[in-house]
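Structure, as structure tokens:
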Amino acid sequence: MPTPTIRTSREGPTITLVGDVYRFLATGKETSGRYATFEAIVPPGGGPPPHTHSREDESFYILEGEMTFYVEGERIVAKPGTFASMPVGVKHCFKNESHERARMIISVAPAGLEEMFLAAGSPIDPGAVPGPPSPDDIARLLELAPRYGVTIELPAGH
């Protein structure tokens with residue numbers, strides 16, 4: 001039986017992945033694989049390219065700032081209090097198109113995607129500001145994504 005997980009605002013494994021910061025609030029190891037939940041801090045200009053998940057549903061709840069979602073080609077600007085849910089197979093991405101950082105909670109069900117983040121990312125202290133992603137950071141993510149059922153769509157020329 002899983003045990004309760006309680007984390008303060010500075011606890012939980014924290015990584016930087018292609019310029020964003022992710023702090024894991026609950027991992028699949030802690031939820032018997034049912035779900036994973038993490039906090040994302042996305043700087044201006046941050047966010048992943050369009051991608052599709054083949055294994056998990058993914059949901060987002062905006063806490064601070066503004067996040068722009070692109071869902072199957074539709075542009076949706078999400079402000080604090082907005083919830084968005086992306087079922088398996090729906091092509092989507094999020095971008096911080098504002099001039100302020102954005103913060104949101106992301107959940108995936110079932111768990112497993114957090115393992116890709118932990119493998120592809122680099123540890124960082126909570127509250128630290130990461131630098132821009134390096135070509136090696138991007139290459140590592142692109143190499144790992146298919147193993148976790150994620151198809152990433154890169155812009156032309158990459």
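Below, the figures for the structure above:
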quantity	calculated
Interchain or long-range residues, amide H under 5 Å from I124's placed H	T14, I15, T16
Label point at E74 placed 7 Å out along Cα→Cβ; residues across segment 93-112 whose backbone nitrogen lies under 17 Å	93-95
Which of G121, A40, T27, positive extreme of dipole for the chain (C-beta unit charges)	T27
Per-selection Kirkwood Rh - segment 19-83 (Cα, Å, 1 d.p.)	13.4
Nonlocal amide H pairs with L25, under 5 Å, H built at 1.01 Å	T37, F38, E39
C-alpha center-to-center spacing [segment 10-36, segment 62-116] in angstrom	16
Label corresponding to Rg/Rh (Cα atoms, Kirkwood Rh) when calculated from the structure given, among [x] 0.93; [y] 0.96; [z] 1.02	[x]
Nearby lysines by direct alpha-carbon distance to K79 (threshold 22 angstrom, same-chain neighbours under 8 apart not counted)	K91, K95
222 nm mean residue ellipticity, helices alone, for the chain (DSSP H n ≥ 4; -39,500 (n - 2.57); rounded to 500)	-3000 deg cm²/dmol
Length released on extending from D125 to F83, taking residue separation times 0.36 nm less the Cα-Cα span	12.4 nm
Given the chain, longest segment not containing exposed loop GluC sites (Glu not before Pro) (DSSP; at most 15 other Cβ within 10 Å)	12-71
Accessible carbon and sulfur surface of the chain relative to its total accessible area, %, 1.4 Å	57
Amide H contacts of A111 (H built 1.01 Å from N, under 5 Å, at least 5 apart or other chain)	R34, Y35, A36
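The values are calculated or read from the model by the stated rules, or taken from the named source; none is laboratory data. The structure presented is a predicted model; accordingly, all values stated were derived computationally and were not measured. Neighbour counts run over all protein chains shown; Cβ positions are idealised from the backbone, glycine included. Keep in mind that these areas ignore ligands, DNA and RNA; they rest on the heavy atoms of the full protein, side chains included. Shrake-Rupley method; radii C 1.70, N 1.55, O 1.52, S 1.80 Å.
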